Amino acid sequence: MEPVEITAPGLLLRPWRVTDASAVLTALRDPEIVRWNGQGVTDPAQADAWIARRADWSDGSHVSLAVADDTDSTLLGSVSVHQIRHDNAAVGYWTTAPARGRGVAGRALRALTDWAFTHLDLHRIELCHAVANTASCRVAERAGYPLEGTLRESHRYGDGHRHDEHLHARLATDP
């Protein structure tokens, strides 16, 4: 799959670049990102490797994009559709501390989801987040992902503990 750029109001979702390494390293050290989306990136070499993995879409299992401000290119976060199998997939996202509370995650997630249904011929996309992460619940709802249920102690997060997760999903047939 060829890299793509997707726009959303105030945002540009674009392929990851080597020049993003410093911003990625800063973001992935943020305690909130480490807690809910721990990536184990603690030095520049790991940031470079993280970017390289997300920039390589050659196996068709994911599309991972940087979320940037559409006016000054400031890195605001990350959004991806991954675990692509047949016509199902999952999504994930995080936002930098300065981007939180501005609707960035919801706009980016909605834009990527709409693109994925159209261009990847998906039928169902799932989103899971820790029940305790109430901000992610709001993001899911704003992006059109209704809550389907709770998965008990289904994932060990960056804090080292297993958490119950909310399962949200969108179908291609949803309005």
Practice item. Go over the candidates Ala89, Ala52 one by one and state the one that is of a type outside the set (Ser, Thr, Tyr), surrounded by fewer than 20 Cβ atoms within 10 Å (Cβ to Cβ) and modelled with pLDDT of 95 or more. Key: Ala52
Practice item. Return the residue satisfying two criteria in turn: it lies in the range 22-49 and is among the small types (Gly, Ala, Ser) and more than 20 Å from Ala105 (Cα to Cα), and of such residues it is surrounded by the most Cβ atoms within 10 Å (Cβ to Cβ). Key: Ala47
**Study point:** Out of Leu12, Leu65, sole residue that is touching a strand residue (DSSP E or B) at 6+ places or on another chain (Cβ under 7 Å), in a strand (DSSP E or B) and within 27 Å of Ala132 (Cα to Cα)
**Key:** Leu65
**Study point:** One residue from Ala99, Ala105, Ala116, Ala140 being surrounded by 15 or more Cβ atoms within 10 Å (Cβ to Cβ), touching a Leu at 6+ places or on another chain (Cβ under 6 Å), closer than 24 Å to Arg29 by Cβ and modelled with pLDDT of 95 or more
**Key:** Ala99
Point to revise | Near pairs, Cβ below 6 angstrom, 6+ apart or cross-chain, from the range 81-98 (on the phi > 0 side of the Ramachandran plot) to any residue that is surrounded by fewer than 20 Cβ atoms within 10 Å (Cβ to Cβ) | key: Gln83/Ala90
Practice item. Inspect the range 15-22 for any residue being closer than 24 Å to His168 by Cα, among the basic types (Lys, Arg), touching a helix residue (DSSP H, G or I) at 6+ places or on another chain (Cβ under 8 Å) and at pLDDT 95 or above and give the result as yes or no. Key: no
Revision key, fill the gap. Residues of the range 37-55 being in a helix (DSSP H, G or I), of a type outside the set (Gly, Ala, Ser) and over 18 Å from Val67 (Cα atoms), in sequence order, are Pro44, Gln46
Practice item. Could you please find all residues in the range 143-175 being at pLDDT below 95 and either at positive phi or among the β-branched types (Val, Ile, Thr) (or both)? Key: Gly160
Check your understanding: Within the range 69-82, restricting attention to residues that are over 12 Å from the mean Cα position of the chain (by Cα) and either under 13 Å from Thr7 (Cα atoms) or among the polar types (S, T, N, Q) (or both), which residue is surrounded by the fewest Cβ atoms within 10 Å (Cβ to Cβ)?
Key -> Thr71
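The values are calculated or read from the model by the stated rules, or taken from the named source; none is laboratory data. These numbers come from a predicted model, not from an experiment. Neighbour counts are summed over all protein chains in view; Cβ atoms, including those assigned to glycine, are modelled from backbone coordinates with ideal geometry.
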